[in-house]
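One structure is given below, encoded as structure tokens.
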Amino acid sequence: MLAPDPIELTRKLVASDTINPPGDEEWSARYLAQILSAAGFDVKLQRFGERRFNLVAKLAGAQGGKPLGFTGHLDTVPLGTVEWTHDAHGGEVADGRLYGRGSSDMKAGIAAFIVACLPMIDTLRASHGLQLILTGGEETGCDGAHALTRAEPGMLEPLGALIVGEPTSNRVVVGHKGALWLRGTARGVTAHGAMPQEGVNAIYKVAEALRKIQQFEVGAAHPVMGAPTLNVGTIQGGLNINSVPDRAEFSVDMRTVPGIRHACVVDRLHDHLADIELSPIIDLPPVYSDPEDSWIARVSGLARARRGTDGASQAPCTVQFFTDAAVLSPATGHPPTIILGPGEPEMAHKTDEYCRVDRLLEAVDLYRDILIDWVAQ
Ligand SMILES: [Zn+2]
């Protein structure tokens, strides 16, 4: 089948507003479903909310074995408060850049992979097969991926390897930190502000907890990912100046590394803080694959050959942001997983976001190299 032009396909996807919240992946999911089913994929759409969609497209392999997986998210973050100088949904191409919300993060990655695999349908069908998992709701905490894990049996299946097309400038990335976000709540007893001895001040409890939390050790560092981190991002408490507050809250953002179990961290933090209720906001484990794994080593070689090393270190690298792999990798049997996409990581979530056109075209070639390697196995 004739593949669409990668620039035009990216522009088409950028033109569809999938800003989340509120999130609306319906048009994109249906549009890609049409292209993929016309090419011979078995396509399923999963609705997980009003105009909220995931798409799973499968190409069963005649050789059996586990298919190669590719995943990307269709939603984007909001535009921010600063005005854009380029139309955020115009897909304008200027000076070698394709502008628009979601261009780097990560519609170019999705477009490049689809363009790469369409001319290879017959070869892929004769091998171990291919599965595309295109999600909604990633930006608000992998909501679409979570919905897929709760879907009818058979939507997700064990994969032989997984590519996450998030922006890495076409570098192979072997993992990312986990995210454990918690809300801490302190309760007190309200009273008149002129008679504080009659009450119990919840803000004082939070202040004490925040003093202690700075001494909390999340866990041991990882040799590649480095140390886990902890940050208190918000604090709220009190209704008016002349009352003793009976409730105060704060939120903690921990980024974890392999070897740290989130349930243990929550238990330890609970003991450490005492008198603070902790409730989860986001709980996504870290993702890490062995850089020495034979598939990852081959793909890293293919990426270096396409991209050149341009002075970049050849040491395995990881990224700080989390991806749907935190949910999809455990749900597909923990396959060797890489993050590899044409977007510029530093463009993600920015005003005047763009994807470099040369990287987009390079990604089509690189994904095709990876598919050729896959079918040759
Ligand atoms: Zn993303």
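A short reminder: the numbers here are calculations on the coordinates, not readings from a lab. Quick caveat, the model's predicted, so the values are computed rather than measured. We place every Cβ from the backbone using ideal geometry, glycine too, and count neighbours over all the protein chains shown.
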Taking the mean number of other Cβ atoms within 10 Å as a proxy for protection, how do you rank 260-270, 143-153 from highest to lowest? 143-153, 260-270
Within 10 Å of each residue's Cβ, count the other Cβ atoms and sort LEU55, LEU230 from fewest upward. LEU230, LEU55
Cβ-Cβ cut-off under 15 Å around GLU25, Lys and Arg +1, Asp and Glu -1: the net charge is -2
Translational D (Stokes-Einstein, µm²/s) of segment 183-284 at 10 °C and 1.306 mPa s when Rh comes from the Kirkwood sum over C-alpha pairs? 108
How much of the DSSP beta bridge set in the chain is antiparallel, as a percent to the nearest 5? 75
Note to self: C-alpha centroids of segment 238-276 and segment 29-86 sit apart, in Å, by 36
Grab the DSSP H runs of the chain that are 4 residues or longer, score each as -39,500 (n - 2.57), total them, divide by all residues and round the 222 nm result to the nearest 500 deg cm²/dmol. -8500 deg cm²/dmol
Could you quote the convex hull projected area for segment 264-315, Cα atoms only and averaged over all directions, in nm²? 6.5
Give the value in nm², to one decimal: projected area of the alpha carbon convex hull of segment 62-192, averaged over all directions. 14.3
Using the scaling law 2.2 N^0.38 Å as the reference, what is the normalised Cα Rg of segment 128-227? 1.79
Pairwise label distance in nanometres, LEU239 with TYR204, each label 7 Å out on the Cα-Cβ vector: 2.0
Given the Cα-Cα distance of ASP358 and ASP5 and 0.36 nm per residue of separation, how much length would full extension add, in nm? 125.7 nm
Does anyone have the angle between helix 294-307 and the longest principal axis of the chain? Alpha-carbon axes, 0 to 90°, nearest 10? 80
Give me the Å³ per residue figure for the convex hull around the C-alpha atoms of the chain. 151
Residue order, fewest to most surrounding Cβ atoms within 10 angstrom, among THR229, THR168: THR229, THR168
Cα-derived Rg to Rh of segment 264-377, Kirkwood definition: 1.08
How high is the relative contact order of the chain, in percent, with contacts defined as C-alpha pairs under 8 Å that are six or more residues apart? 25
In the neighbourhood of ALA303 defined by beta carbon distances under 9 Å, the net charge of the other residues (Lys, Arg +1; Asp, Glu -1) is +3
Other residues with Cβ under 12 Å from the Cβ of ILE338 give, with Lys and Arg +1 and Asp and Glu -1, a net charge of -1
Roughly what angle does helix 108-117 make with the longest principal axis of the chain, taking Cα atoms, 0 to 90 degrees, to the nearest 10? 30
Over 27 Å between Cα atoms: which of LYS66/LYS350; LYS12/LYS58; LYS44/LYS107; LYS44/LYS66 fall into that group? LYS66/LYS350
